[in-house]
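Each remark here refers to the structure printed beneath this line.
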Amino acid sequence: MKEPIKHHLYLVNLIERLQLEISGTLSKKGTPLDNYNATITRRNKGFDLTWAADVFKFRDKRYSVGKWLKSVRFDWEDYSIIFKQLYIRSHQNNTSSGSRYVASAHDFHSRNFKIGQPYYFRLIIPLEKELDLHNYIAFKTFTTDLGFRSSCGTGASINEDFLQACIVNKDDKKKYYLSIESELKQDYETFSEKTHAFKNAIGYISGHLPANAGYFFAYNSKKMEVPNHFCFREWRNTIISSYQPILANPFGYIQERRIAEIYYKKKLLRPMLITEFSRLCQQLFDSKEFTGVVILILEASVASLLFMPSGYAVALETMADLVIGKQKVDRSLIEDKDVRERIISNCKTVIENESIFLNEENKRILIEKLKSLNQGTNASRLRAPFDILDISLSDNDLVIINTRNDFLHGRVPDILKVGIDRPESRKGKDMYYASVRLYTLLNRLILKWIGYENYILNHARIQEEATGVKLKEDYYYKC
């Protein structure tokens with residue numbers, strides 16, 4: 001059966017046209033903006049709308065800097081778009097162009113687009129750099145009207161809806177685009193939530209989170225040839241990290257070629273299967289908490305050493321709660337009930353006997369604290385999800401888990417036991433070692449949780465030259 005052609009050319013041309021200054025006409029009945037000339041230009045992640053500041057027409061305070069304008073239409077050529085909200089950010093005076101208003105726009109849609117109406121959707125995200133998924137996620141081929149057939153695609157099922165992703169570029173230009181589409185007719189909000197889960201999953205697995213802004217194209221026909229409508233949305237910043245949880249190419253990280261060849265010749269490594277990737281996407285779609293963990297991991301991976309280990313520590317704590325869920329985990333320090341009661345009773349007796357030295361309030365607080373005397377430590381709670389998923393932890397892992405409070409309170413753990421007066425360079429290496437060890441622990445937990453069944457990178461071993469901590473560990477963990 002002949003592979004259907006995916007129609008990207010019209011979409012990419014429109015996006016590239018929107019990168020240039022466009023002149024058109026504003027429409028907003030009953031206001032000075034109606035039938036008024038304006039221009040739109042791309043600025044940062046969004047757009048600027050600019051129009052001449054006629055002092056007689058725009059004397060009303062509604063056009064002051066800092067005000068919002070709602071539902072303004074802009075027409076150019078054969079296109080008509082609606083700016084849902086415009087923020088008047090400046091009133092500029094220029095000797096060549098005169099006085100003018102500048103309003104910023106973070107989203108817009110074509111006229112008559114109905115957000116609650118079902119369409120066939122395709123999302124196009126302009127990329128800051130090429131996104132290569134071959135060593136991370138199993139590929140899926142596609143043919144595009146940009147003039148080529150490619151294996152630079154993948155896919156995932158979310159709620160039984162298979163979404164296909166394609167990485168495309170036009171005319172060999174160094175401008176790349178991520179396209180995500182569905183053959184299922186649905187409303188904008190549903191498709192948008194699925195694509196957010198999809199791209200967040202791509203970001204976590206590859207270290208490259210495609211974001212900044214996206215263009216949604218809506219079709220009435222399943223063939224998706226020419227869109228009936230489109231809309232633009234601005235998002236969080238793109239994240240491009242140098243850290244990934246998996247990599248099917250052993251030569252990508254392992255410096256010792258002899259060892260890398262062992263992994264390569266035995267064919268031990270593989271990208272994530274589409275079924276495994278789908279489970280990751282589904283978890284992200286279903287859980288805002290898990291989405292927050294993944295975004296925190298990505299943010300921490302590009303943060304300074306001051307914030308990186310703290311971000312990972314917080315992410316590990318949240319993941320522990322997600323894995324444990326409603327399961328009852330016994331973290332008691334004293335397992336024997338009779339022994340526990342005797343110890344608490346004896347402590348209470350000591351407090352009563354020494355109460356002459358305590359005021360009533362302090363005495364009450366101490367007795368109240370005895371109720372939590374048998375409560376396990378934070379470190380024991382962080383170990384619980386690894387026990388639940390049957391993930392073995394080394395002594396080195398346990399040391400780092402026990403440093404969780406250090407980072408949350410601004411302390412730097414002394415990994416090599418050099419002493420409190422160790423140089424700042426050693427403190428930096430200790431923070432980096434803790435970071436890559438925590439990052440690896442997070443990946444082992446997340447990928448085992450979603451059912452991944454291959455090898456995970458051991459970044460603590462890979463980065464031992466940078467951390468100065470020599471390890472007798474493998475470069476990969478079997479999940």
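Every read-out reported here was derived from the displayed coordinates using simple, explicitly stated rules and does not represent laboratory data. Remember, predicted model here, so these are calculated numbers, not experimental data. Note: ideal-geometry Cβ built from the backbone for every residue, glycine included; neighbour counts use all protein chains shown.
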**Report entry** Nearest-0.05 FRET efficiency for Glu3 and Lys57, computed from C-beta distance (R0 45 Å)
**Finding:** 0.20
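Tell me which chymotrypsin sites (Phe, Trp or Tyr not before Pro) from segment 26-96 have a DSSP coil assignment and no more than 14 other beta carbons within 10 Å of their own. Can you show the working numbers first?
Numbers: sites: Tyr36, Phe47, Trp51, Phe56, Phe58, Tyr63, Trp68, Phe74, Trp76, Tyr79, Phe83, Tyr87; in loops: Phe56, Phe58.
Hits after loop and neighbour filter: Phe56.
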Query raised in the report: Which FRET efficiency, nearest 0.05, do Asp171 and Lys223 yield, Cβ-Cβ r, R0 25 Å?
Result: 0.55
Query raised in the report: Looking at segment 377-429, which trypsin sites (Lys or Arg not before Pro) are DSSP coil and have at most 10 other C-beta atoms within 10 Å of their C-beta?
Result: Arg411, Lys417
Report summary line: Reviewing (1) 30; (2) 45; (3) 53, the figure for percent of Cα pairs over 37 Å apart actually calculated from this model sits under (2)
Report summary line: Plugging the Cβ-Cβ distance of Arg17 and Gln117 into 1/(1 + (r/R0)^6) at R0 = 30 Å yields, to the nearest 0.05, a FRET efficiency of 0.70
Report task. Subtract the Cα-Cα distance of Ser151 and Ser99 from 0.36 nm times their separation in residues, and report this length gain in nm to one decimal. Result -> 13.6 nm
Requested in this report: For Ser287 paired with Phe162, estimate the spin-label separation in nm (one decimal), with each label point 7 Å from Cα along the Cα-to-Cβ line.
Outcome: 2.7 nm
Requested in this report: Express in whole angstrom the spacing between the alpha-carbon centres of segment 3-54 and segment 79-120.
Outcome: 7 Å
Query raised in the report: Separation between the Ile356 and Glu256 pseudo-spin-labels, each 7 Å from Cα along Cα→Cβ, expressed in nm?
Result: 6.8 nm
Query raised in the report: Once you list every other residue whose beta carbon is under 15 Å from the beta carbon of Asn169, what net charge do they have if Lys and Arg are +1 and Asp and Glu are -1?
Result: 0
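Test of the criteria: in segment 153-248, which trypsin sites (Lys or Arg not before Pro) are in a DSSP loop and have at most 13 other Cβ atoms within 10 angstrom of their Cβ?
Taking segment 153-248 and a limit of 13 other Cβ atoms within 10 Å, the loop trypsin sites (Lys or Arg not before Pro) found are Lys173, Lys174, Lys222, Lys223, Arg236.
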**Report entry** Per residue, the convex hull volume that the Cα atoms of segment 137-187 enclose (Å³)
**Finding:** 95 Å³
Requested in this report: Return the lysines within reach of Lys173: Cα separation strictly under 24 angstrom, same-chain partners fewer than 8 residues apart disregarded; answer none if there are no such residues.
Outcome: Lys6, Lys45, Lys129, Lys140, Lys199
Query raised in the report: Can you pull the Kirkwood radius for segment 19-156, inverse mean 1/r over Cα pairs, to one decimal in Å?
Result: 17.9 Å
Query raised in the report: Under 17 Å from the 7 Å Cα→Cβ point of His134, by amide nitrogen: which residues of segment 234-257?
Result: 247-253
**Report entry** C-alpha center-to-center spacing [segment 136-205, segment 211-275] in angstrom
**Finding:** 9 Å
Query raised in the report: Roughly how many nanometres apart are two label points built 7 Å out from the Cα toward the Cβ at Glu189 and Gln327?
Result: 3.5 nm
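Considering only DSSP beta bridges with both partners in the chain, what is the antiparallel share in %, to the nearest 5?
95 percent
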